[in-house]
1. Once label points are set 7 Å from the Cα along Cα→Cβ at both residue 201 and residue 326, what is their separation, rounded to one decimal in nm?
2. Using every alpha carbon pair in segment 5-336, what percent of pairs falls into each 20 Å bin from 0 up to the bin containing the largest distance?
3. How do the peptides 19-30, 216-227 rank, highest first, by the average count of neighbouring beta carbon atoms within 10 Å per residue?
4. Mean projection of the alpha-carbon convex hull of segment 206-304 over all orientations, in nm²?
5. In debye to the nearest 20, how big a dipole does segment 5-336 give about its Cα centre with +1 on each Lys and Arg Cβ and -1 on each Asp and Glu Cβ?
6. Can you pull the Kirkwood radius for segment 170-240, inverse mean 1/r over Cα pairs, to one decimal in Å?
7. Among 156, 297, 180, whose Cα sits farthest toward the positive end of the charge dipole of the chain (+1 at Cβ of Lys/Arg, -1 at Cβ of Asp/Glu, about the Cα centre)?
8. In nm, to one decimal, how far is the modelled label at residue 159 from the one at residue 317, with both set 7 Å along Cα→Cβ?
Amino acid sequence: MNLSTQYLGLKLSNPLIVGAGPLCDSIESARDLQDAGAAAVVMRSLFEEQIEAEIRALSFNIDTPAESYAEATSYFPNYSEYQLAPDQYLRQIEALKSTLTIPVIASLNGARPGGWIDYARRFEAAGADAVELNLYQLVTRAGVLAGEVESDLIEIVRQVCGSVKVPVSVKISPFHTSPANFALALEHAGAAGVVFFNRFYQPDFDLDEMEVLPQLRLSDSSELLLRLRWLAIVSPQVRLSLSASGGVHSSEDALKALFAGAHTVQVVSALLRHGPHLFPRLLDGIRIWMGEHGYSSVDEFRGAMNLRRCPDPSAYERANYIRILQAWRVTTPREEA
Ligand SMILES: Cc1cc2nc3c(=O)[nH]c(=O)nc-3n(C[C@H](O)[C@H](O)[C@H](O)COP(=O)(O)O)c2cc1C
């Protein structure tokens, strides 16, 4: 059974990779994940705000921590609250590279032009096999035009891709008006891959304290559906490597993402819940399913449920939305009896 896949030009033994997060903060846990079958790892992100704070501190020639220059606003974490300072992050890349045999993907997270972009080059120099650029941004000002936001993001991608030789994947938001067009623009800007999608953490309200509560809940499989739809729509229209991130908890979830057109599936929440032993279970499940359905390689069925190849493309489109709403009937107690 051949589970190997190409992602960002890297040959991986199987499609399961450890998504960006805390799972590779420790070299031991990264090694455990590799031993459990992870085909690649993505490190937690280094954030634009962290790097810019450090740049500001250095330009003021201050040798104390950059804390006092963390951000003009107190809304962002203090410098010391970040798990890895920029230089520690580079050392972590080196340490992971010297321990692991699977590819190490470093993650850079930002959405505005600035000196932070230079860290892609430093990631490469430290040995990263690829850069995942997370374009997480929330535009809250009504005067900002969607097209301007996208042009700025694409310019950032162009700069990052122009500064490194290693492949760059871009982790995008699901909330673009035309995600397929945005993915295509990223391809033209030099990206080698796109990760579907960033997960937005929705704040809740505490009605007693009248506070907005930030919260992080781990995902479940229902979150995969948004990824499946857009992977299926975008995959036949681009040459990019595609990765699913969000809601992969079972071998069925992983298979569905591959059928939609993903080259890899990233897992975070399920690994945080179950630990590295999850991976052998997922890999066994994929192998068993492939055997039962007569497939000998992942390439044979990747994209078989995409917009071009699935039996009913209207299932991805507006037609299906109307059909679903129209099909719902309210049954009265008398009808049920
Ligand atoms: C504790 C935690 C930390 C995370 N940190 C990052 C990060 O630093 N950079 C990033 O791009 N995504 C980060 N993510 C998002 C994950 O990479 C992933 O996109 C998201 O959790 C959805 O995948 P899942 O359903 O497998 O959890 C984090 C997620 C969790 C739960």
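Derivation of every value follows stated rules applied to the coordinates shown; laboratory data play no part. None of these values were measured; they are calculated from a predicted model. Note: ideal-geometry Cβ built from the backbone for every residue, glycine included; neighbour counts use all protein chains shown.
1. So the two model labels end up 4.3 nm from each other.
2. 29, 57, 13, 1
3. On the way: 19-30: 18.5, 216-227: 15.2.
Peptide ranking by packing, descending: 19-30, 216-227.
4. Mean shadow area of the hull around the Cα atoms is 8.2 nm².
5. 1320
6. Result for segment 170-240, one decimal place: 14.1 Å.
7. Toward the positive end, the furthest listed residue is 297.
8. The two pseudo-label positions are separated by 3.9 nm.
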